[in-house]
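What follows is a set of notes on a single structure, which appears directly below.
The values are calculated or read from the model by the stated rules, or taken from the named source; none is laboratory data. From a predicted model like this one, the values you see are computed outputs, not experimental measurements. FYI the Cβ positions are ideal-geometry reconstructions off the backbone, even for glycines, and counts take in every protein chain you see.
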Amino acid sequence: MNYHNITKDDMLNGEGLRVVLWTAGCTHCCEGCQNPETWDVAGGIEFDEAAEKELFEDLNNDYVAGITFSGGDPLHPFNRETVLRLANKVKQQYPNKTVWLYTGYLWEEVIKSVDVKDIDVLVDGEFVKELNDNNLHWIGSSNQRIIDVQKSLQEQKVVLYESK
């Protein structure tokens, strides 16, 4: 897997101060995307042991609420295995920290092919330029949903996330 950046103390991509891993690779190619430089799966740099160590050192800070996977698309086929492994490792080492994941895929597609047990919040749906609303919190267009993954799995239906 390649990535473009690790952002520290981010407040725009999920609740609380977060560490954000910006993955490389996206086939959605949404018009008006804020991160088109992340579309190329071969772009960025290789996610290696040093990058993983950096992520977990940042998560070690008590004031960090958790990790957010964004991109690109963390659920691009080239990214899934590493992202899901990292999500599991975060939940094992930091059970009180949250895992957020942004994807252009819809929830209904995701749950058919991805084990989301270690994800707390999933933001789904492609960015739609015509539905852009800068007043929305944590999403770029009104078609996107902020999904409480654990409640959705329990209730076997989409349950939207409620800010704490």
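Quick notes
- Contact annotation: no residue pair with Cβ atoms under 8 Å, 6 or more positions apart or on different chains, pairs a residue in segment 123-147 that is touching a residue at least 40 places away in the same chain (Cβ under 8 Å) and under 15 Å from F69 (Cα atoms) with a partner that is among the basic types (K, R) and buried (at least 20 other Cβ atoms within 10 Å of the Cβ).
- Where a residue in segment 34-49 is in contact (Cβ under 8 Å) with a residue 40 or more places away in the chain and its partner, wherever it lies, is part of a helix (DSSP H, G or I), with Cβ under 8 Å and at least six apart: G43/E37; G44/T38; I45/A51; F47/T82
- Total residues in segment 1-19, condition assigned to a loop (DSSP other than H, G, I, E, B) and not small (G, A, S): 6
- Test for V83: is it in contact with a Pro (Cβ under 7 Å, 6 or more places away or on another chain), part of a helix (DSSP H, G or I) and closer than 24 Å to H28 by Cβ: yes
- Here Y161 does not fit the description of being modelled with pLDDT of 95 or more, closer than 30 Å to E46 by Cβ, surrounded by 12 or more Cβ atoms within 10 Å (Cβ to Cβ) and touching a strand residue (DSSP E or B) at 6+ places or on another chain (Cβ under 6 Å).
Each row is one residue, and each column tells you yes or no for (1) out of contact with any Ser or Thr (no Cβ under 8 Å at 6 or more places or on another chain); (2) in a loop (DSSP other than H, G, I, E, B); (3) of a type in the set (S, T, N, Q); (4) within 25 Å of K8 (Cβ to Cβ).
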{"site": "Y63", "(1), (2), (3), (4)": "yes, yes, no, yes"}
{"site": "K91", "(1), (2), (3), (4)": "yes, no, no, yes"}
{"site": "K112", "(1), (2), (3), (4)": "yes, no, no, no"}
{"site": "F127", "(1), (2), (3), (4)": "no, yes, no, yes"}
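- Among the residues of segment 20-53, those identified as over 26 Å from N132 (Cβ atoms) and not in a loop (DSSP other than H, G, I, E, B) are I45, E46, E49, A50, A51, E52, K53.
- Between N88, N96, N143, the distinction of being modelled with pLDDT of 95 or more, in contact with a helix residue (DSSP H, G or I) (Cβ under 8 Å, 6 or more places away or on another chain) and surrounded by fewer than 18 Cβ atoms within 10 Å (Cβ to Cβ) belongs to N143 only.
- Among residues of segment 117-136 being over 20 Å from P74 (Cα atoms) and of a type outside the set (D, E, K, R), the one that is surrounded by the most Cβ atoms within 10 Å (Cβ to Cβ) is L131.
- Scanning segment 20-44 for residues that are of a type in the set (S, T, Y) and either touching a Cys at 6+ places or on another chain (Cβ under 7 Å) or crowded, with 19+ Cβ neighbours inside 10 Å (or both) yields T23, T38.
- Residue under evaluation T27, criteria (1) in contact with a strand residue (DSSP E or B) (Cβ under 7 Å, 6 or more places away or on another chain); (2) farther than 18 Å from A87 by Cα; (3) of a type in the set (V, I, T), criterion not met: (1)
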